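Comments concern the structure below.
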Amino acid sequence: GLESVVSGGQASVTVRLEWQGQLVEGRAEAADTLPGRSRAAASATLGAARAAANGASVGFELDFASIVQALDGDYVLVSVLALSQRLGRRPLPLVGAHPVESDVESAAAFATLKAINRVLSLALKDA
């Protein structure tokens, strides 16, 4: 699930994921702008993914989240760096995109999950 609350010019986004019957959560804040809300949602999604992979030797860092126009529509494009000894010495860049259908927060969360899905699934097998 995803919850976005705006107060005092700040957007606070909470993302909840379920893994093996456990509910994990990530939370992030940013300026209440479309780009800020997309970054907060991507960061919150990564926080929930980190919580799900607790004990696995993988880390995720948000590189950027951006709203782009393509194919007559708006998309959120997310770049994430995956860090793990299994992946080599250098961070592995991962990219995901999702169309903005209802709100940028949901699109950013889906784009982030699309970016990290393969690496996260490997990490969850190790956890």
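The values are calculated or read from the model by the stated rules, or taken from the named source; none is laboratory data. Because the structure is predicted, anything quoted here is derived from the model rather than measured. Every residue, glycine among them, receives a Cβ derived from its backbone with ideal geometry; neighbour counts consider all protein chains shown. Calculation scope for accessible area: heavy atoms of the full protein, side chains included, ligands and nucleic acids excluded. Shrake-Rupley method; radii C 1.70, N 1.55, O 1.52, S 1.80 Å.
Assorted remarks:
- The condition of being in contact with an Asp or Glu (Cβ under 8 Å, 6 or more places away or on another chain), more than 14 Å from LEU113 (Cα to Cα) and hydroxyl-bearing (Ser, Thr, Tyr) holds for only one of SER57, SER84, SER66, SER38, that being SER57.
- Qualifying residue in segment 109-120 (condition: of a type in the set (Gly, Ala, Ser), at pLDDT 90 or above and in contact with a Lys or Arg (Cβ under 9 Å, 6 or more places away or on another chain)): no
- Summed over segment 89-100, residues that are at pLDDT below 95, assigned to a loop (DSSP other than H, G, I, E, B) and surrounded by 11 or more Cβ atoms within 10 Å (Cβ to Cβ) total 1.
- Yes/no for ARG86 being in a helix (DSSP H, G or I) and over 16 Å from the mean Cα position of the chain (by Cα): yes
- ALA115 satisfies every condition listed in (1) free of Cβ contacts under 8 Å to residues at least 60 places away in the same chain; (2) open to solvent by 50 Å² or more (accessible area, probe 1.4 Å); (3) assigned to a helix (DSSP H, G or I) except (2).
Residue-by-condition table, conditions (1) more than 20 Å from ASP74 (Cα to Cα); (2) at pLDDT below 95; (3) open to solvent by less than 60 Å² (accessible area, probe 1.4 Å); (4) touching a Leu at 6+ places or on another chain (Cβ under 6 Å):
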{"position": "GLY1", "(1), (2), (3), (4)": "yes, yes, no, no"}
{"position": "VAL5", "(1), (2), (3), (4)": "yes, yes, no, no"}
{"position": "VAL13", "(1), (2), (3), (4)": "yes, no, yes, no"}
{"position": "ARG16", "(1), (2), (3), (4)": "yes, no, no, yes"}
{"position": "GLY21", "(1), (2), (3), (4)": "yes, yes, no, no"}
{"position": "VAL24", "(1), (2), (3), (4)": "yes, yes, yes, yes"}
{"position": "ALA28", "(1), (2), (3), (4)": "yes, no, yes, no"}
{"position": "SER38", "(1), (2), (3), (4)": "no, no, yes, no"}
{"position": "ALA42", "(1), (2), (3), (4)": "no, no, yes, yes"}
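- With respect to the conditions (1) crowded, with 16+ Cβ neighbours inside 10 Å; (2) without any contact (Cβ under 8 Å) to a residue 12 or more places away in the chain; (3) among the acidic types (Asp, Glu), ASP72 falls short on a single one, namely (1).
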